[in-house]
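Beneath this line is the structure, given in structure tokens, with notes to follow.
Taken together, the values in this text are just the output of simple stated rules run on the coordinates, not laboratory data. Note that the structure is a prediction, hence the values are computed from the model and not measured. Don't worry about glycine lacking a Cβ; one is built from the backbone with ideal geometry, like all the others, and counts go over all protein chains shown.
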Amino acid sequence: MGNEVLWFARLFLVLSFTLAVFRFGGRTGLFALVSSLVILCNLEVMKLTTFFGVTVTLGNTLYGAIFFATDLINEFYGPAEARKAVTAGLVSMISMTLIMRSALLFSTVADPWAVETARAMDLIFGFMPRLAAASIAAYLVSQFYDVWAYDFIRRRTKGRFLWLRNNGSTMVSQLMDTVIFCGIAFWGVLGKRAFLDVMASTYLMKFIVAAFDTPFMYLGRWMAVKGGERD
């Protein structure tokens with residue numbers, strides 16, 4: 001199965017799962033999902049792959065789902081609750097970084113499997129502080145902007161044009177996120193060509209996710225009307 005087919009299939013599954021969490025877990029479920037996705041996408045972003053021949057970072061699907069989840073919270077529970085979800089994700093990110101960095105301080109037993117595992121952990125989490133700094137800066141700016149912009153557009157349009165506030169807030173905030181994150185995480189680490197490819201392709205994929213999740217937002221609204229929102 002090609003990367004492209006796998007990526008779109010995964011996107012569909014992740015957005016569908018997010019809707020299922022909203023339907024059966026409500027606000028509490030979405031809070032937990034945001035925290036989980038923040039951790040997972042910061043691990044996945046370390047893997048580079050190709051998408052239609054262009055170098056991309058894995059994790060864009062999961063990161064896009066975070067914006068989808070916070071937009072759902074904003075739409076049905078209000079911007080104050082959405083900001084709480086963003087804060088919960090930030091706490092998860094910082095906790096993971098501190099805990100896993102402290103784990104690297106422990107010595108490893110002289111066992112081949114244990115040594116190999118420790119090397120893998122060093123490789124992944126040794127790079128984590130820079131990724132964490134990039135993620136925290138990008139996450140804070142883009143997510144809080146997204147919450148503000150979504151609510152601003154909703155108020156200015158008097159609750160009409162769900163597609164506009166969903167895409168208008170997310171596509172701009174994703175651009176901010178991409179520039180900040182890539183600049184901190186990959187500048188000087190990747191070659192110039194690879195860096196530009198990663199930044200451009202990362203935003204393109206986030207743009208696709210933002211557009212792709214619009215029907216899911218309408219489906220979420222239909223689910224809320226039919227079944228009622230859950231706390």
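When the Debye formula is applied to the Cα atoms of segment 35-102, each taken as the same point scatterer, what base-10 log of I(q)/I(0) results at q = 0.21, 0.25 Å⁻¹?
Listed by q, the Debye log ratios stand at -0.87, -1.02.
If you take the square roots of the eigenvalues of the alpha-carbon gyration tensor of segment 1-131 and sort them as a ≥ b ≥ c, do you get rounded (a/c under 1.5), prolate (a/b over b/c) or oblate?
Because a/c hits 1.5 or more and a/b fails to exceed b/c, segment 1-131 counts as oblate.
If I model segment 127-231 as equal point scatterers sitting on the Cα atoms and use the Debye formula, what is log10 I(q)/I(0) at q = 0.12, 0.14 Å⁻¹?
At q = 0.12, 0.14 Å⁻¹ the computed log10 ratios are -0.51, -0.65.
Using a basic spin-label model with each label point 7 Å from the Cα along Cα→Cβ, how many nm lie between Lys192 and Leu204?
Using points 7 Å along Cα→Cβ, the separation is 2.1 nm.
Run lengths n ≥ 4 of DSSP H only: what is the helix-derived mean residue ellipticity at 222 nm for the chain, with -39500 (n - 2.57) per run over all residues, to the nearest 500? The partial results should precede the final answer.
Values: 8 runs with 188 residues, N = 231.
So the helix-based figure for the chain works out to -28500 deg cm²/dmol.
Just want the answer: with Cβ charges of +1 for Lys and Arg and -1 for Asp and Glu, which residue in Ser95, Gly126, Met205 is farthest toward the dipole's positive end in segment 3-227?
The residue sitting most towards the positive pole is Met205.
Which of the aspartates and glutamates could a cross-linker bridge to Lys158, judged by Cα under 19 Å and excluding same-chain residues fewer than eight apart?
Answer for Lys158, where 19 Å is the Cα cut-off: Asp71, Glu75, Asp146, listed by chain and number.
Dipole of the chain, Cα-centred, from +1 at each Lys and Arg C-beta and -1 at each Asp and Glu C-beta, to the nearest 20 debye?
700
Excluding Phe144 itself, what net charge comes from residues whose Cβ is under 15 Å from its Cβ, given Lys and Arg +1 and Asp and Glu -1? Intermediate values should be presented prior to the final figure.
Working: positive: Arg83, Lys84; negative: Asp71, Glu81, Asp146, Asp151, Asp177.
Net local charge, Phe144 excluded: -3.
Taking only the alpha carbons of segment 3-227, what extent do you get along each of the three principal axes, in Å, biggest first?
The principal-axis extents, from largest down, are 62, 37, 31 Å.
Which of the trypsin sites (Lys or Arg not before Pro) found in segment 122-231 are in a DSSP loop and have at most 16 neighbouring Cβ atoms, other than their own, within 10 Å?
Listed in order of number, the matching sites are Lys158, Arg160, Arg230.
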